[in-house]
Structures are given as C-alpha cells and as structure tokens.
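Colleague: Following this message is one structure expressed as structure tokens.
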Amino acid sequence: MRPRTGRAAAESPATRVAVRVAVRVAVRSGVAGAVAVAAHTAVNALLLRAPGPSAPVRERVSVILPVRDEATRVRTCVTALLGSRHVPDLEVLVYDDRSSDGTGAVLRELAARDSRLRLLTGPEPGAGWLGKPHACARAARHATGSVLVFVDADVTVAPHGLARAAGLLRSTGLDLVSPYPRQVAVTAAERLVQPLLQWSWLALLPLRAAERSARPSLTAANGQFLCVDAAAYARAGGHAAVRDAVLDDLALLRAVKRSGGRGVVADGTELAVTWMYDGWPALRDGYAKSLWAAGGSPAASAGQLALLGWIFVGPAVAAARGSRAGLVGCLAGLVSRAIAARRTGGRCWPDAVAHPLSVCLLGHLTVLSWWRRGRGTARWKGRPLRPAAAQPAPAAQPEPAGQPEPGEPPEQPCVGSGAWRRSWWSERVSAGSRPRPGSPPPGTGSPSARPPTVPAGSSAGTNATATGSTPGHPC
C-alpha cells in the first residue's frame with residue numbers, strides 16, 4: 001500500500017486527532033495564562049503606590065508644561081496648575097513650541113495675572129531632537145525647584161494633585177514617580193482602546209520588582225504627569241539623554257534607572273484627569289505614531305501581539321465554540337480588565353466584556369504604526385517623528401538655572417498680580433462631588449476640537465469657561 005499524501009493525508013484520523021490535541025493544549029495553556037494574569041492584576045491593585053493626604057510642600061516645585069497648538073486646552077491646564085493648594089513655592093514654566101494658533105496669546109493673558117507663570121519660547125528642534133523632548137529640556141534649564149513635575153496640556157490637575165504627587169515622591173524615597181491620570185473615554189473607539197493603557201502595566205508589570213530593577217523591560221511611566229527629583233533628573237542627563245525617543249516618558253525613567261535611581265508608575269486617579277483623544281481618527285493617529293516604539297522591533301511587536309492573542313483572544317474564540325475551558329479563560333480576562341478599571345476610575349461594565357475585541361484593535365493599531373514607520377509618514381503636531389540626524393547624548397552636567405543656550409531667545413516672563421479665582425466646579429470637587437466614571441470634568445472640552453480660524457495674535461477658540469476647572473473624584 002502506498003502512503004496517502006496531500007488532502008487525503010490531511011484528512012486522516014491521525015491528523016485530525018493531532019490537530020484537536022494541539023488546539024486543546026493551546027486553549028488550556030491560554031486559559032492558564034489568563035487566570036494567572038487576573039491573579040497578578042489583583043495583587044498589583046493592592047500593591048499599587050497611592051499618594052497620601054495632601055500636606056504643605058516645604059520645597060520649591062517647578063512645573064514644566066510643553067505646548068504646541070493647544071489654544072483650546074491650555075487655559076484649563078494652566079489655570080488648574082496655578083490653583084494648586086499646599087504648594088506655597090510654585091513656579092510654572094510653559095514652553096510654547098512655536099504654536100501657530102492662539103496658544104501664545106492665551107498664555108500671555110494668564111501670565112499677566114500671575115507672576116508664578118513664565119512663558120518661554122525658542123527655535124525649532126535641532127538635529128537629533130524630537131519636539132517634546134526638546135521643549136522639556138529647554139524649559140527644564142530654567143527650573144529652580146528641587147522637585148520637577150512634567151505635565152501635558154491635555155491634563156487637568158486637581159487642586160491637591162501637585163502636593164500629593166510631591167509627597168508621594170518624598171515619602172517613598174523614589175527618584176521618579178509617575179501618577180497615572182484618570183483617562184476619560186467617551187466614544188466606542190476610546191472605550192475599547194484607552195483602558196488598555198492602565199490595564200497593560202497593572203496586569204503585566206510586577207510593580208514592586210519594577211521599583212528595584214534597572215531592567216528596561218520592567219518600566220512603565222506616563223509623561224502626562226511625571227514627578228522627578230531635580231538632582232536625579234540632572235544625573236540621568238535630563239531630556240537630552242532621550243532627545244530622539246518617541247516614548248520619552250519610558251526612556252526618561254530608564255535613564256534614571258541607569259544612573260542609579262529608582263522609579264515606578266503610581267496611582268494618579270485622584271490627582272489628575274485627561275481626555276487624550278476624541279473619536280477614532282485622533283485615536284488612530286495618536287497610537288500609530290508611537291506603538292512601534294513600544295515594541296522596539298517588528299519581531300518583538302509580533303511576539304507581544306501573539307502572546308496577548310493566545311491568552312485573551314484564543315479562549316474567547318474557544319468559548320464561542322462551546323468550550324468550557326475557553327469560557328473560564330474569557331471570564332478571567334474580563335475579571336483582569338474589570339479590576340484594572342475599578343482601581344483606576346474607569347468603566348467596569350460593559351466595557352470589560354469587550355476585552356478580546358480591544359486586544360484585536362490594539363493589534364490593528366500596532367500593524368498600522370509599523371506600516372507608517374516603514375513608509376516614513378508618521379507625523380505628530382505637523383512634524384515628522386524621525387529626528388534629522390541623531391547625535392550622541394552629552395554627559396549629564398547640571399547647568400545654571402536660567403542660562404539660555406547659544407542662539408536661544410530669552411524667555412518672556414510675564415508678571416502680573418491678578419488674583420486667581422476658583423470656579424464653582426472647583427468648589428464642587430472640594431465638597432466631594434462625584435461625576436460619572438469615564439466622563440470628562442466640566443471645562444475639559446473635546447481634545448480634538450479646534451476653532452475654524454484663529455489669528456496668530458488672538459485667543460479666540462479658547463475655553464474661557466474652564467477657569468479653575470479640576471477633575472472630580474473618580475468612581
């Protein structure tokens with residue numbers, strides 16, 4: 001008898017049995033992984049560093065805010081920062097990175113009313129620099145505080161946010177803490193993708209080991225709200241050490257670790273809130289610009305996606321085909337997602353049920369990110385995301401505060417004595433009002449909203465009603 005080949009061999013009983021065994025093993029191992037991740041998420045939820053009660057900060061705090069074309073959001077952000085409590089010695093350094101809308105006009109108006117606000121400007125990023133690291137580095141040169149806080153324009157800090165973040169930094173003895181803001185998600189696309197930010201590190205990163213380890217893989221941070229000791233920042237080389245990093249927050253924490261420091265992500269749910277992207281187009285472009293950097297290489301990204309698909313998508317598919325083991329794995333993924341949402345102020349239901357779909361959408365965005373990276377079409381804020389000619393980072397040397405770089409225009413401090421007035425929303429927050437989970441606080445505004453035409457010297461299109469608005473307590 002001749003051996004069967006081709007389709008006949010593929011349909012042989014032995015082959016079918018082997019395929020069923022392989023599928024069963026893959027599903028059950030994926031289920032075991034999902035259960036382990038759910039248990040790890042629960043442990044991390046208990047171990048997550050959280051800030052203590054607000055207390056007066058007895059040192060100077062310098063807040064650094066890089067902005068570029070943020071006329072619709074910068075008023076809310078800066079007003080909230082200037083309304084911080086228990087920070088008697090505060091300076092806010094805003095670096096206007098050559099905005100083309102009314103951002104500068106809004107900032108000059110605010111600076112004229114409060115001498116703690118300083119507006120800085122400068123040239124385009126030089127060779128080897130990306131926009132945000134360049135803006136942060138130039139602003140940090142003028143900071144005089146022993147605590148540096150880096151904030152993004154889409155973040156609204158609570159009145160006690162700065163004080164509690166600085167207190168967490170000092171009470172833990174760490175060199176850098178990254179209090180993760182509460183992420184607002186409104187549309188379907190946002191609710192599918194945004195919760196993966198907090199879930200990824202809360203479910204997959206061993207937090208206590210990450211504090212002690214210098215390994216780059218054990219790193220999580222969020223540049224939207226990042227608090228660092230000024231001396232540790234200087235030892236690490238500052239943002240000059242991460243000048244070409246798309247994910248400059250992760251790169252900065254890794255630089256701090258390389259210089260002998262320690263740092264970790266922390267719970268910032270009650271300290272700040274952010275609405276990153278409004279709808280699918282903005283979300284797609286935002287993630288497509290950086291997901292390639294999260295993997296490091298196409299092979300690494302493919303491996304990460306394969307692992308997530310094996311643990312969270314495979315059991316869900318098996319459950320849909322009637323597998324009881326697959327149902328257990330699917331429920332474990334739901335529990336992991338729900339724990340992360342509960343711990344970080346997000347929606348637990350029904351969003352957690354769509355976790356397998358969220359993982360698939362993450363895969364699509366990662367592939368898109370690498371595709372744009374390969375074609376050289378990745379851009380952000382009108383600039384390409386590839387520095388012109390990367391140069392080696394200089395040795396870390398602290399520089400005198402306030403000394404501009406050669407060719408840099410002097411900063412433009414705008415001093416005023418206008419009193420800052422708290423809005424009705426801030427008073428509601430201090431009284432303990434609780435908005436719905438996942439909803440933006442009043443005054444936050446749509447992050448992708450832009451006025452149709454904004455003259456360069458006008459503040460038109462700014463959110464004038466946002467004065468003093470702050471995030472509420474998350475659910």
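Colleague: Which members of the stretch 164-217 meet the condition of being of a type in the set (D, E, K, R), out of contact with any Pro (no Cβ under 7 Å at 6 or more places or on another chain) and either in contact (Cβ under 8 Å) with a residue 60 or more places away in the chain or assigned by TED's automatic domain parsing to the domain that holds T366 (or both)?
Modeller: If the condition is that a residue be of a type in the set (D, E, K, R), out of contact with any Pro (no Cβ under 7 Å at 6 or more places or on another chain) and either in contact (Cβ under 8 Å) with a residue 60 or more places away in the chain or assigned by TED's automatic domain parsing to the domain that holds T366 (or both), then D175, E190, R191, R208 are the ones that fit.
Colleague: Does D97 satisfy the condition of being in contact with a Gly (Cβ under 8 Å, 6 or more places away or on another chain) and modelled with pLDDT under 95?
Modeller: yes
Colleague: Given the criteria among the β-branched types (V, I, T) and surrounded by fewer than 24 Cβ atoms within 10 Å (Cβ to Cβ), does T144 qualify?
Modeller: Answer is yes for this residue.
Colleague: Just a yes or no: is a residue in the stretch 298-313 touching a residue at least 60 places away in the same chain (Cβ under 8 Å), buried (at least 21 other Cβ atoms within 10 Å of the Cβ) and outside the structural domain of H160 (by TED's automatic domain parsing)?
Modeller: Checked the stretch 298-313: at least one residue is touching a residue at least 60 places away in the same chain (Cβ under 8 Å), buried (at least 21 other Cβ atoms within 10 Å of the Cβ) and outside the structural domain of H160 (by TED's automatic domain parsing).
Colleague: Another question, then. Go through (1) modelled with pLDDT of 95 or more; (2) surrounded by fewer than 22 Cβ atoms within 10 Å (Cβ to Cβ); (3) of a type outside the set (S, T, Y); (4) touching a Cys at 6+ places or on another chain (Cβ under 7 Å) for A166 and report which single condition fails.
Modeller: Exception for A166: condition (2).
Colleague: In addition: Based on what the data block shows, is Y233 in a strand (DSSP E or B), touching a residue at least 40 places away in the same chain (Cβ under 8 Å) and surrounded by 24 or more Cβ atoms within 10 Å (Cβ to Cβ)?
Modeller: Against the criterion (in a strand (DSSP E or B), touching a residue at least 40 places away in the same chain (Cβ under 8 Å) and surrounded by 24 or more Cβ atoms within 10 Å (Cβ to Cβ)), Y233 does not qualify.
Colleague: Quick check on the stretch 109-120. Is at least one of its residues modelled with pLDDT under 90 and charged (D, E, K, R)?
Modeller: No, the conditions are met nowhere in the stretch 109-120.
Colleague: Pick out the one residue from R138, R116 that is basic (K, R) and free of Cβ contacts under 8 Å to residues at least 40 places away in the same chain.
Modeller: It is R116.
Colleague: Return yes when A203 is touching a Ser or Thr at 6+ places or on another chain (Cβ under 9 Å) and over 30 Å from G346 (Cα atoms) and no when it is not.
Modeller: It is false that A203 is touching a Ser or Thr at 6+ places or on another chain (Cβ under 9 Å) and over 30 Å from G346 (Cα atoms).
Colleague: Follow-up. Answer yes or no: is there a residue in the stretch 58-68 that is assigned to a loop (DSSP other than H, G, I, E, B), touching a Ser or Thr at 6+ places or on another chain (Cβ under 9 Å), touching a residue at least 12 places away in the same chain (Cβ under 8 Å) and hydrophobic (A, V, I, L, M, F, W, C).
Modeller: no
Colleague: Regarding the stretch 333-348, can at least one residue be identified that is more than 17 Å from P195 (Cβ to Cβ), modelled with pLDDT of 90 or more and not β-branched (V, I, T)?
Modeller: no
Colleague: Out of R337, R324, R343, R347, I need the residue that is among the basic types (K, R), in the same structural domain as A34 (by TED's automatic domain parsing) and buried (at least 22 other Cβ atoms within 10 Å of the Cβ). Which one?
Modeller: R337
Colleague: Can you tell me which residue within the stretch 253-278, out of those that are in a strand (DSSP E or B) and of a type in the set (D, E, K, R), is farthest from the chain's Cα centre (by Cα)?
Modeller: E270
Colleague: Please find, among L120, L176, L202, the residue that is in contact with a Leu (Cβ under 9 Å, 6 or more places away or on another chain), buried (at least 22 other Cβ atoms within 10 Å of the Cβ) and under 18 Å from A232 (Cβ atoms).
Modeller: L176
Colleague: Against the definition (charged (D, E, K, R), free of Cβ contacts under 8 Å to residues at least 24 places away in the same chain and over 18 Å from A354 (Cβ atoms)), how does R258 come out, yes or no?
Modeller: Spelling it out, it is not the case that R258 is charged (D, E, K, R), free of Cβ contacts under 8 Å to residues at least 24 places away in the same chain and over 18 Å from A354 (Cβ atoms).
Colleague: Here are some conditions: (1) surrounded by fewer than 14 Cβ atoms within 10 Å (Cβ to Cβ); (2) in a loop (DSSP other than H, G, I, E, B); (3) modelled with pLDDT under 90. V25 meets all but one. Which one does it not meet?
Modeller: Condition (2) is where V25 drops out.
Colleague: Being surrounded by fewer than 24 Cβ atoms within 10 Å (Cβ to Cβ) and not basic (K, R) narrows it down to one of V246, V228, so name that one.
Modeller: V246
Colleague: Any idea which residue in the stretch 61-96 is farthest from the chain's Cα centre (by Cα), counting only those that are charged (D, E, K, R) and either closer than 16 Å to T156 by Cα or not assigned by TED's automatic domain parsing to the domain that holds D249 (or both)?
Modeller: Here the answer is R85.
Colleague: I'm told S259 meets every condition in (1) crowded, with 20+ Cβ neighbours inside 10 Å; (2) among the hydroxyl-bearing types (S, T, Y); (3) at pLDDT below 95 except one. Can you identify the failing condition by its number?
Modeller: (1)
The values are calculated or read from the model by the stated rules, or taken from the named source; none is laboratory data. Bear in mind the structure is a predicted one, so any value in this text is a computation, not a measurement. Cβ sites come from the backbone with ideal geometry, for glycine too, and all protein chains shown count toward neighbours.
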